[in-house]
Amino acid sequence: MGFADLSLTGNKLVATPNIDALARDGMVMTQFYDAAPICSPSRAGFMTGRFPARDRFVTYIHDRKRNHAFGQADWLDPSLPVLPRMMRQVGYATGHFGKWHLGGGRDIGDAPLPSAYGFDESYTQWEGLGPRVLPTDLTNKLGQQSAELGRGPVEWLPRAEITGRFVDKTLDFVGRSKDRPWFAQLWLTDMHTPWVPSPEQLAATKGKGATPREDQFLAVLVAMDAEIGRLVDGLRQAGELDDTLLIFTSDNGPTIGANTPGSAAPYRGRKASLYEGGVRQPLIVRWPGHIASGGRDAKSVVQAVDLLPTLAAITGAPKPAGIDGIDMSAAWRGRPVASRPDIYSHIARPGGEAFGPLYSIRSGPWKLLMNADGSSPELYHIERDPQERQNRMADETAIAKTLSAKLAKWIASLPTPATPKPRPR
């Protein structure tokens, strides 16, 4: 999902009233960054509070051969500090529902189950093990590959019904956990290709897009928004809504491709790119009595790695050692964070995919991108130039030198990067 795919952030083709209502009843942070511009490392950043490249999460988990080629781990190391285990240690029931993509799937059947990370229960899809639901209408073989791995009961549904199942599972978990604090991680899959709306879902958006494919994209976006509304209504009916902190965002920018549906406007780049459009998302937080309604924080620079230490501060859990994130709870309570430690990111991809440099640092208002050997450096003043139009390498030489040195030092601290062969053009 791109920055501008919500009506809250500029979508004029369809409305997302239920997600917009979360922001109306809470606040939206507009300088939030994913830990990486692609699914697996982005999710690892949420889970661990650590820059994912430190733990060999540099691209999406694929099969063993491709993972090895990229230096990508086959699964997230369960010995790392992780959010669900931290929550469980302070008395929370913990559940994961939806996409996993932190290990398990394709030819990787020996990955740890979500329970190894502190989840009391889970229900995922073909990018995870344990209880899961697989789509009946994918054109690839990933569902069947998952079923053949075993490691948990498998159910099958049309793709258009899977988000509803994840919401049902989440609400059931909440209903059974009301006698104690609970933490639910609901990672929806609607916005990821392929977009396969039901005929009824597609009818609601037919003709609203510029192409039939965009109609499909808009259909699953509207359907996802409706399921978010159903989730909120279910929490309200359970008497849990007003005492629950809700956090909503996307794991990366819109799907790759110049003419592909999804918008990161006004930002440059898309998924798999370290430009703003690949990693910058709206972060919506709703928590009655703690977060004022209708708020907008455009000052605090926040990254996904901050979620773990922020929830540690809110819940009284000890903050684990060795993490990169910081506590952002003051910003959520209306006091924007004026300065923070630098944030780093990395994406590994075949050289034939032209989406800019592979490493970045955001330091105060400045952002520098470059490759591991220092080539293709780009420097932007993000606060003045969020569209990344004016490369300042030539006229801000002192800042460029300082940030290049910082980024080079961070790159040198990482596991040795792989050098996959470029894609044929």
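The values are calculated or read from the model by the stated rules, or taken from the named source; none is laboratory data. What you see is a predicted model; the values in this text were computed from it and never measured. Glycine gets a Cβ as well: all are built from the backbone with ideal geometry, and neighbour counts include every protein chain shown. Just so you know, the surface numbers come from the protein's heavy atoms only, side chains and all, with ligands and any DNA or RNA stripped out. Shrake-Rupley method; radii C 1.70, N 1.55, O 1.52, S 1.80 Å.
Restricting things to alpha carbons, tell me how big region 1-49 is in terms of Rg and Dmax, in Å.
12.9, 36
Can you give the convex hull volume per residue for the Cα atoms of region 63-105, as a whole number of Å³?
For region 63-105, the hull spanned by Cα atoms encloses 79 Å³ per residue.
Shape verdict for region 186-337, please, from the Cα gyration tensor: rounded (a/c under 1.5), prolate (a/b greater than b/c) or oblate. Walk me through the numbers before you get to the answer.
Working: a/c = 2.34, a/b = 1.45, b/c = 1.61.
The shape class here is oblate.
Per residue, what accessible area does the chain have, given a 1.4 Å probe and all protein chains present, in Å²?
On the way: 17290 Å² over 425 residues.
Averaged over the residues of the chain, the accessible area is 41 Å².
Within 10 Å of each candidate Cβ there may be at most 16 other Cβ atoms; applying that plus a DSSP loop requirement, which trypsin sites (Lys or Arg not before Pro) in region 212-302 survive?
299
Can you give me the Cα centroid spacing of region 284-307 and region 376-409 in angstrom?
Cα centroid to Cα centroid, the span is 28 Å.
Quick test of the membrane-span-like rule: which DSSP H helices of the chain reach at least 30 Å along their long axis (C-alpha atoms) with mean Kyte hydropathy at least -0.5?
212-237
Magnitude of the Cβ-charge dipole of region 248-318, K/R +1 and D/E -1, about the Cα centre, nearest 20 debye?
Details: 7 positive and 4 negative charges, 39 e Å.
That gives a dipole near 180 debye.
How far is it, in nm, from the label point at residue 172 to the one at residue 260 when both lie 7 Å from their Cα along the line to the Cβ?
Placing both labels 7 Å beyond Cα along the Cβ direction yields 3.3 nm.
What pairs in 271/367; 99/409; 367/409; 99/169; 169/319; 65/141 have C-alpha atoms more than 22 Å from each other?
Too far apart for the 22 Å limit: 99/409; 169/319.
So if I take the centroid of the Cα atoms in region 118-141 and the same for region 14-76, what is the distance between those two points in Å?
When both Cα centres are located, 18 Å separates them.
Over the chain, what is the percentage of antiparallel beta bridges among all DSSP beta bridges, to the nearest 5?
55
What residue among 112, 44, 95 has its Cα farthest toward the positive end of the dipole of region 31-143, where the charges are +1 on Lys, Arg and -1 on Asp, Glu, each on the Cβ?
44
Check cross-link reach from residue 178 to the aspartates and glutamates: straight Cα distance under 12 Å, and skip same-chain residues fewer than eight apart.
Reachable aspartates and glutamates: 240, 243.
Translational diffusion coefficient, Stokes-Einstein: compute it for region 172-232 using the Kirkwood radius over C-alpha pairs as Rh, at 10 °C and 1.306 mPa s, and state it as an integer in µm² s⁻¹.
Roughly 120 µm²/s, to the nearest whole number.
Projected onto the charge dipole of the chain (+1 at Lys/Arg Cβ, -1 at Asp/Glu Cβ, origin at the Cα centre), which of 331, 284, 274 gives the Cα projection farthest towards the positive end?
274
If you place +1 on the Cβ of every Lys and Arg and -1 on the Cβ of every Asp and Glu, how big does the dipole about the Cα centre of region 109-168 come out, in debye to the nearest 20?
140
Round to a whole number: what % of the accessible area of region 146-228 belongs to carbon and sulfur, probe 1.4 Å?
On region 146-228, the fraction of accessible area on carbon and sulfur atoms equals 53 percent.
Using a Gaussian network model on the chain with a 10 Å cutoff between Cα atoms, which of 321, 93, 298 fluctuates the most?
321
What does the charge dipole of the chain about its Cα centre add up to, to the nearest 20 debye, if the Cβ of each Lys and Arg holds +1 and the Cβ of each Asp and Glu holds -1?
Computed charge dipole of the chain: roughly 880 debye.
Just subtract the alpha-carbon distance of residue 299 and residue 79 from 0.36 nm times their residue separation and send over the number in nm, one decimal.
The residue 299-residue 79 span can extend by a further 75.8 nm.
May I ask for the percentage of alpha-carbon pairs in the chain that lie more than 34 Å from each other? Intermediate results must be reported in sequence, preceding the final value.
Numbers: 23843 of 90100 pairs.
Tail fraction, whole percent: 26.
Rounded to the nearest 0.05, what FRET efficiency do residue 406 and residue 203 have when you use their Cβ-Cβ distance and R0 = 45 Å?
For residue 406 and residue 203, the calculated efficiency is 0.30.
Give, as a single signed number, the net charge of other residues whose beta carbon lies under 9 Å from the beta carbon of residue 289, with Lys and Arg counted +1 and Asp and Glu -1.
Charge balance near residue 289 sits at -2.
So which lysines can residue 208 reach, going by Cα to Cα under 21 Å and dropping same-chain residues fewer than 8 places off?
Filter leaves 12.
Just name one of 198, 398, 365: the one whose Cα is farthest towards the positive end of the charge dipole of the chain (beta-carbon charges, Lys/Arg +1, Asp/Glu -1).
398
When you take every Cα atom in region 139-181, what is the radius of gyration, and what is Dmax, the widest Cα pair distance, in Å?
Values for region 139-181 (Cα only, Rg and Dmax): 14.1, 43 Å.
Tell me which trypsin sites (Lys or Arg not before Pro) from region 1-93 have a DSSP coil assignment and no more than 11 other beta carbons within 10 Å of their own.
12
Leaving out ligands, DNA and RNA, and with a 1.4 Å probe, what % of the accessible surface on region 252-334 is carbon or sulfur?
Carbon with sulfur: 51 percent of the solvent-accessible area.
Find how much the distance from residue 391 to residue 292 grows on full extension, using 0.36 nm per residue of separation minus their present alpha carbon separation; answer in nm with one decimal.
31.9 nm
If the viscosity is 0.692 mPa s and the temperature 37 °C, what translational diffusion coefficient in µm²/s does Stokes-Einstein give for region 144-260 when Rh comes from Kirkwood over Cα pairs?
Approximately 202 µm²/s, per Stokes-Einstein.
Taking R0 as 56 Å, what's the FRET efficiency between residue 384 and residue 161 from their Cβ-Cβ distance, rounded to 0.05? Each step should come with its number before you reach the end.
Numbers: r = 46 Å, r/R0 = 0.83.
Here the calculated transfer efficiency is 0.75.
What nm distance separates the two modelled labels at residue 230 and residue 65, each placed 7 Å from Cα along Cα→Cβ?
4.0
List residues of region 237-251, by number, whose backbone nitrogen lies under 14 Å from a label position 7 Å along Cα→C-beta of residue 313.
Correct set: none at all.
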